[in-house]
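The values are calculated or read from the model by the stated rules, or taken from the named source; none is laboratory data. Just so it is clear, the model here is predicted, and its values are computed rather than measured. FYI the Cβ positions are ideal-geometry reconstructions off the backbone, even for glycines, and counts take in every protein chain you see. These accessible areas exclude ligands, DNA and RNA; they are computed on the full protein's heavy atoms, side chains included. Shrake-Rupley method; radii C 1.70, N 1.55, O 1.52, S 1.80 Å.
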Amino acid sequence: MEKMPEVITLSNGSKCWEHTFEKFFAKVYIPACDPITDIVNFGFRAPYLLVFEETKQTMETAKDFAEQSGLAKIAASFGSSVVFIYPTGEGGWENAPEDLFASLISESKISQYYKDGTAIMRDRFTGSWNGFFIRGAVLRTCLYGFGKSADYIAKNCLQRIEGDGLYGKGDITPVTCVLENLSILPVPAKNARDIPVVSIGNSAAVNKALQAGLDNVLIKDSADYEADFKSFTGTFRRMMGNLEREADLEEMGMTWEPGYYTVPTSKDNRGDDKETTEHNIGYVAYYNKKIMEEGKKVPLLFCFHGGGDSAMCMTSVSGWFRVAAKYNFLLISVEHHLNSTATEVMALLECLKAKYPIDTEQIYSSGFSMGGCKSWDMFQEYPKIFAGVAPMSATYEVGLNVFGQEAGSINRDTIVPTFYVGGEITPLPELPFQAQKCIDRVKYVFDVNKVVTKYDVKLEEKDNWKNPIYGIDGDVVYKINDPVRKSILTINLFESENGCCYTIFGSVDNQGHEVRHHSCENAWKFLSQFRRLPDGTLLGGKMDEIKRIYEA
């Protein structure tokens, strides 16, 4: 078994270690940071800072460089680290293998679990659960090169690179490259024009070559890593190979605020914290600054991430924070809710009420995949708290909770406005034509929400269904174009016995197992029509008013 590296804790709380791999030496420096990064997973937003050393340094000199250059400060703000790399073979960078970067990313495995609300991370390079790890998302990989190492990056990394990433084979092209004192003229690959480059102290000829071959080049006489990260380097991410600009929340007038509370562990907890008497629940709050300054009560939407995701990942990928910015509500994205029950989320809600001016008549829930199942928990167990739910892309059998266990209580008669949507080409059972449990879920919602139409479709007859996805059409059907993703969201509106519309079931063509901004915004348009009074009475939902929001 490979010997694990020795972890050294410094007097200032920072940690470091070094290890030799087949193709490279690695030195890792993790600066001391706010403990909140152990409870709220910053990994999705955290940059993976990779310094390709021009000459092999000692751990001490590497640490000093991280601190003096400002890279340590960048890392600390995300609970991340600075990783120093140097090739193992003779001749340094001049003889380094072309696939060194791909090998490096392949070694960068990471996984996690939560105990007492705290993320316990597997060491990214060594695979051990020793409490020491490297945060930093591959989709935010930043390469720093100097002289010979910059030459290596220019020759081998300014191109599309396929490799073994965190979730299997795929595009691992660097997100940004910072190149200082190049001695060669770079020739970026034609299919890699989107790679952003910071050119520092390079000749006019080098800069001309970079500008000719790349779309995003920042030319500097000297390095200022912190300023450049804020204005350029840190503003990009690469999602499934596509370069995207990260939203500037401050520029949008929004605040993102990580936090956590300690709540009692409920008897039905079946997660990693089931043996505790209390545990932490982390969250990230997103809101427009102005709505907190106005002194008015604000709507609240709980957002629950998928099984392999995090609070920050969920909001960013789904675009829920953009919806919150546009429609002025408080978005609370809950961290690793799979370790928490619906009852514990209610305890979190009580804590949040003391911190934020929440309008208790406008509390909603949404989620993707396992987060969708958590929203079904809210429908089943706490229907009189929520003015509406929008589960997406998942369901358990009726009566089961997110742990796959029997729920503590099952709502049978309290109407809960519901907007559900799934992908039509997903490989997972999300929609009625795919699984009996989806049919049962629709029937359950119809019964609770007192829908006039009876839902009695049979899975074995799906080849003859009038509606190939749900079996039946809604009383009103809308097809809403999503020009960004070139897809159509089809929503079926169903009328309840009192003439109101509390129930929408939909699907998206050309969508697999994912959640999209377009669906989230249309879900909010529906949810926001409802209020839940203190006595449990539900207001809103007249069919003509619901139709109007989709016909505008």
- Query: What fraction of the DSSP beta bridges in region 319-441 is antiparallel, stated in percent and rounded to the nearest 5?
  - Reply: 10
- Please label the shape of region 223-359 as rounded, prolate or oblate, based on the square roots a ≥ b ≥ c of the eigenvalues of the alpha-carbon gyration tensor (a/c under 1.5 means rounded; beyond that, a/b larger than b/c means prolate, else oblate). oblate
- Query: Per-residue ellipticity at 222 nm for the chain, helices alone: DSSP H runs ≥ 4 residues times -39500 (n - 2.57), over residue total, nearest 500 deg cm²/dmol?
  - Reply: -7000 deg cm²/dmol
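Determine the shape class of region 241-319: with a ≥ b ≥ c the square roots of the Cα gyration tensor eigenvalues, call it rounded for a/c under 1.5, and otherwise prolate if a/b is greater than b/c, oblate otherwise.
Verdict is oblate for region 241-319.
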- In whole angstrom, how long is each semi-axis of the equivalent ellipsoid of region 144-281, when you take the square root of 5 times every eigenvalue of its Cα gyration tensor and sort them from largest down? 41, 19, 14
- Sequence-distant aspartates and glutamates (8 or more away, or on other chains) whose Cα lies within less than 13 Å of K274: D116, E344
- Message: With just the Cα atoms defining each centre, how far is region 503-552 from region 20-40? Give it in Å.
- Response: 43
- Solvent-accessible area per residue for the chain (1.4 angstrom probe, square angstrom): 41
- Message: Can you tell me how region 377-519 classifies by the Cα gyration tensor, rounded, prolate or oblate, using a/c under 1.5 as the rounded cut?
- Response: rounded
- dims of the chain, Cα set, principal axes, largest to smallest, nearest Å -> 78, 51, 51
- Tally the DSSP beta bridges in the chain and give the antiparallel ones as a percent, rounded to 5. 55
- Note on the structure: Residues other than N328 with Cβ under 15 Å of its Cβ, Lys/Arg counted +1 and Asp/Glu -1, net out at +3
- Task: Treating only the Cβ atoms of Lys and Arg (+1) and Asp and Glu (-1) as charged, compute the dipole magnitude of the chain about its Cα centre; round to the nearest 20 debye.
- Result: 820
- Message: Distance between the C-alpha centers of region 198-220 and region 329-377? Whole Å please.
- Response: 47
- Note on the structure: For the chain, the accessible surface attributable to carbon and sulfur atoms (probe 1.4 angstrom, ligands and nucleic acids excluded) amounts in percent to 49
- Message: Looking only at region 143-237, where both bridge partners belong to it, what percent of the DSSP beta bridges are antiparallel (to the nearest 5)?
- Response: 25
- Query: With +1 on each Lys and Arg Cβ and -1 on each Asp and Glu Cβ, how big is the dipole of region 368-495 about its Cα centre, in debye rounded to the nearest 20?
  - Reply: 240
- Message: Can you tell me which lysines have their Cα less than 19 Å from the Cα of K169? Leave out same-chain residues fewer than eight positions away.
- Response: K109
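Can you sort S80, S11 by 1.4 Å-probe accessible area, starting with the largest? Intermediate results must be reported in sequence, preceding the final value.
On the way: S80 0, S11 130 Å².
Reading off the accessible areas and sorting them downward yields S11, S80.
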- How far, in nm, would the chain grow between D224 and S183 when pulled straight, counting 0.36 nm per residue and subtracting the alpha carbon separation? 12.7 nm
- Task: Any chance you could check the Cα centroid distance between region 80-100 and region 142-165 for me, in angstrom?
- Result: 10
- Item | By average C-beta atoms within 10 angstrom, highest first, the peptides 320-333, 91-104 | 320-333, 91-104
- Excluding same-chain residues fewer than 8 positions from K296, which lysines have a Cα within less than 28 Å of its Cα? K326, K353, K355, K384, K525, K542
